[in-house]
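The values are calculated or read from the model by the stated rules, or taken from the named source; none is laboratory data. Treat the numbers as computed from the prediction; the structure is a model and nothing was measured. Backbone-built Cβ (ideal geometry, glycine too); neighbour counts: all protein chains shown. What goes into the accessible areas is simple: the full protein's heavy atoms, side chains included, and nothing from ligands, DNA or RNA. Shrake-Rupley method; radii C 1.70, N 1.55, O 1.52, S 1.80 Å.
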2 protein chains.
Amino acid sequence: MKKILPFFLFTSLLPIVAPAQQIPWGEMKLKSPEYNEPDSSITLRLEAPEAAKVQIKGDFTNGLPVDMNKDANGIWELNIGKLPSDLYGYSVLVDGLQMLDPSNVYIMRDNNVLFNMLIVPGERGRLFSTNNVPHGSVANVWYHSDALNMDRRMTVYTPAGYNSGNGKRYPVLYLLHGLGGDEEAWTERGRVPQILDNMIATGKVEPMIVVMPNGNSPQQAAPGSNSDGLFVQPTSRLDYITGAFESSFPEIVKFIDENYSTVAEKSGRAIAGLSMGGMHTRAISLNNPEMFDYVALFSAAINPTLRNQTEIYENVPYKLKIQFNNAPKMYWIGIGRKDGLMEANDKNRELMDQLGLPYTYYESEGGHSWTNWRDYLTIILPKLFKR
Amino acid sequence: MKKILPFFLFTSLLPIVAPAQQIPWGEMKLKSPEYNEPDSSITLRLEAPEAAKVQIKGDFTNGLPVDMNKDANGIWELNIGKLPSDLYGYSVLVDGLQMLDPSNVYIMRDNNVLFNMLIVPGERGRLFSTNNVPHGSVANVWYHSDALNMDRRMTVYTPAGYNSGNGKRYPVLYLLHGLGGDEEAWTERGRVPQILDNMIATGKVEPMIVVMPNGNSPQQAAPGSNSDGLFVQPTSRLDYITGAFESSFPEIVKFIDENYSTVAEKSGRAIAGLSMGGMHTRAISLNNPEMFDYVALFSAAINPTLRNQTEIYENVPYKLKIQFNNAPKMYWIGIGRKDGLMEANDKNRELMDQLGLPYTYYESEGGHSWTNWRDYLTIILPKLFKR
């Protein structure tokens, strides 16, 4: 009865607009995460009187569980201190069972795991937050792929003012996800709408369209939004890496140029991708040398692990030379020092050096992480589409 | 170490495309929910060896906890039998602590609570699922409200073929959420994109635009997508009911007519809403008698609980008569027999009867629930915009 009582109390105050069946929620009992103004620290809390051990595990603990402390009322608490301003993911472990912090409904999905989201205030956090600036629009858009023989979904960001009917044409950034991701990855974990809104508002980034397609060639759309239904669990599918998505890419560009007000030429197109998406980016730009003036590889998986070797990954040095005959205005390579893909990236740069092909190299701290990929995006955005 | 081991095993198989830091996920260990083909029953599972009691609570248990059974390996299991085909929400209680089923990443938010989603196969479930039919697009769109003096967000569904550039004009359904909801409620809990895609594909429903604004007048956008930031928890805010949203509604219609290819007249506009949104629907259609030819109240909160009484809720009988002078083609009222708002709806119908105003009345089983609101939507859609 203890759990039901406040519910009836609440509804009795709202006889007209809030009858019992509608409202499974009242005020939340606990504040978690809580930002402590005096010292800028953050406190996490969870009520679990029956639990023997409750831990927090997050980007800020290097993924290792850290014990929370229980008070006399069964409330577990942990002050995680003052963290650098950024976006962090975290989970709770209750007697070893990983779950979300029930007091924090702000979550993000990474393949088959949900994480709580925490934005620590400050300059970096502000970049990943919704602020009072003009907002672009984010749409789930379906297109037909002749090459893959199915309707497929992409996410499209159009900047504030796009619909103003002034006939303005916008450049397009094609932004690709990694293995285990899908067309929701860059908006959900990458914070693309917030980053673009905020950076465009400063005037340092050109208003642009950002197209985030689904790079898993046998998949129509993100798990839960495709016709596989909800009994199929997301997983990491190596058989999603077939070369077919990369080969089909020109039909995506065609669809966007036909349906959006774009600068439909090389100078108005950029392509960037993380990990597997970096591999896609390299292959797509390589095989379509007149398509993109801006290319960026984020922690790129240089060497493909394909089920069937396809033409798109063959004759790389020859194609690179052709691509650079009419050199892209930017060829950017970024990777973290601790990234397992460092060696493959080194070899790729050696190849480009041998061929005398110019690129910009950015080596960051850290490894193969969304923290780096959001950073890399903020670094390349001001470089795109400058006249 | 037990938790870390499979992770390294996994990455060692994927040295190139899947370095350690990228992949917090492997295959899921448990299947939950699992659909059992032989008898069409469904099994839920959770691993919690330390827990003393694990329960399931969902739409299919009338919100009451039902015990799961533990096996020797600490896996809890419950066969919930064969349920009528529908969309259900559920949660897990682990020693009383409410959490999501970690094997099921398909979730929906209702204000400050997250639920797992379960679609039981069959006719009704198919209506709420993504199927291989042409898909419309769903966009988060920001507009400026002069009346409310802020940028605000709405969700806009445009049907398949909308962008085909054939100049076709589409009718518009304005669909309003209830107290505690926001512009994400009808897409997330209401399954609007799936319902519209599926019903339009049968040919029984006109292709239409569906506009789902945020009806909480002081709120820019859904929690997490507004500039309040992620430390502010969603809650039920009675002070969101001010009358200001309803008064500002014509600027939403103006925005849509200016930015979309609409049938910009009474015969091309419908408005419907649930609970508080039903109250909004009644008031908006009442105060703009030339705006909508189709009006539908779903479990409407007839009597407003406003902080400040506004003109928009005054002189109702007089305004009703004016509205019906040029009668809407449809005025539909639906409510469940167990709904706490039944009495207020009865009184409203008595008033309309006294005034001799025609309407369609639909009384369903159940109460104030999303099950009913999804049903009501599927009932009214085929009636809209028929010539």
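Look at the stretch B:51-65: where a residue is at the interface with chain A (Cβ under 9 Å from one of its Cβ atoms) and within 14 Å of B:GLY89 (Cβ to Cβ) and a partner is surrounded by 15 or more Cβ atoms within 10 Å (Cβ to Cβ) and at pLDDT 95 or above, sitting 6+ places away or on another chain with Cβ atoms under 8 Å, you get B:GLY63/B:LYS57.
Hey, among B:TYR318, B:TYR361, which residue is touching a residue at least 24 places away in the same chain (Cβ under 8 Å), more than 12 Å from chain A (Cβ to nearest Cβ) and either over 26 Å from B:LEU238 (Cα atoms) or open to solvent by less than 30 Å² (accessible area, probe 1.4 Å) (or both)? Spell out the reasoning first.
Values: B:TYR318 fails: touching a residue at least 24 places away in the same chain (Cβ under 8 Å).
When all the criteria are applied, what remains is B:TYR361.
Within the stretch A:102-116, residues that are more than 8 Å from chain B (Cβ to nearest Cβ) sit with their Cβ atoms under 7 Å from residues that are in a loop (DSSP other than H, G, I, E, B), at 6+ positions apart or across chains, in these pairs: A:MET108/A:ARG189; A:ASN116/A:LEU100; A:ASN116/A:ASP101; A:ASN116/A:ASN104; A:ASN116/A:TYR106. Scanning the stretch A:326-342 for residues that are modelled with pLDDT of 95 or more and exposed (fewer than 13 other Cβ atoms within 10 Å of the Cβ) turns up just one, A:ARG337. Scanning the stretch A:25-51 for residues that are open to solvent by 50 Å² or more (accessible area, probe 1.4 Å), within 16 Å of A:LEU78 (Cβ to Cβ) and over 26 Å from the mean Cα position of the chain (by Cα) turns up A:LYS31, A:ASP39, A:GLU47.
The residues of the stretch B:242-282 that are under 21 Å from the mean Cα position of the chain (by Cα) and of a type in the set (Gly, Ala, Ser), listed by number, are B:ALA270, B:ALA272, B:GLY273, B:SER275, B:GLY277, B:GLY278. On inspection, B:ALA301 fails the criterion of being assigned to a strand (DSSP E or B) and either touching a Phe, Trp or Tyr at 6+ places or on another chain (Cβ under 6 Å) or at pLDDT below 95 (or both).
Checked against (1) out of contact with any helix residue (DSSP H, G or I) (no Cβ under 9 Å at 6 or more places or on another chain); (2) within 13 Å of chain B (Cβ to nearest Cβ), A:ALA72 passes all but a single condition, namely (2).
Can you tell me which residues in the stretch B:229-249 are in contact (Cβ under 8 Å) with a residue 60 or more places away in the chain and in a loop (DSSP other than H, G, I, E, B)? Once the filter is applied, which keeps residues that are in contact (Cβ under 8 Å) with a residue 60 or more places away in the chain and in a loop (DSSP other than H, G, I, E, B), the stretch B:229-249 yields B:GLN233, B:PRO234, B:THR235, B:SER236, B:ILE241, B:THR242, B:GLY243.
Among the residues of the stretch A:66-75, just one is within 16 Å of A:MET99 (Cα to Cα) and either in a loop (DSSP other than H, G, I, E, B) or without any contact (Cβ under 8 Å) to a residue 12 or more places away in the chain (or both), namely A:MET68. Against the conditions (1) within 12 Å of chain A (Cβ to nearest Cβ); (2) over 20 Å from the mean Cα position of the chain (by Cα); (3) of a type in the set (A, V, I, L, M, F, W, C), B:ILE80 satisfies every one except (1).
Residues in the stretch B:321-355 that are away from chain A (no Cβ under 14 Å) and assigned to a loop (DSSP other than H, G, I, E, B): B:ASN326, B:ALA327, B:PRO328, B:LYS329, B:LEU355. Looking at this structure, is B:ASP151 modelled with pLDDT of 95 or more, surrounded by fewer than 19 Cβ atoms within 10 Å (Cβ to Cβ), closer than 30 Å to A:HIS135 by Cα and within 12 Å of another protein chain (Cβ to nearest Cβ)? Spelling it out, B:ASP151 is indeed modelled with pLDDT of 95 or more, surrounded by fewer than 19 Cβ atoms within 10 Å (Cβ to Cβ), closer than 30 Å to A:HIS135 by Cα and within 12 Å of another protein chain (Cβ to nearest Cβ).
Of the residues making up the stretch B:119-140, those that are open to solvent by less than 20 Å² (accessible area, probe 1.4 Å), more than 7 Å from chain A (Cβ to nearest Cβ) and of a type outside the set (Val, Ile, Thr) are B:GLY125, B:PHE128, B:GLY136. Considering the stretch B:224-266, and only residues there that are among the aliphatic types (A, V, I, L, M), within 14 Å of another protein chain (Cβ to nearest Cβ) and more than 14 Å from B:PRO171 (Cα to Cα), the residue that is surrounded by the fewest Cβ atoms within 10 Å (Cβ to Cβ) turns out to be B:VAL232. Of the listed requirements (1) crowded, with 19+ Cβ neighbours inside 10 Å; (2) at negative phi, B:LYS204 misses just one: (1). The residue that is nearest to A:THR371 (Cα to Cα), counting only those in the stretch A:183-200 that are open to solvent by 10 Å² or more (accessible area, probe 1.4 Å) and more than 12 Å from every other protein chain (Cβ to nearest Cβ), is A:MET199.
Selection within the stretch B:86-96: residues that are open to solvent by 20 Å² or more (accessible area, probe 1.4 Å) and at the interface with another protein chain (Cβ under 7 Å from one of its Cβ atoms). The member of this set that is farthest from the chain's Cα centre (by Cα) is B:ASP95.
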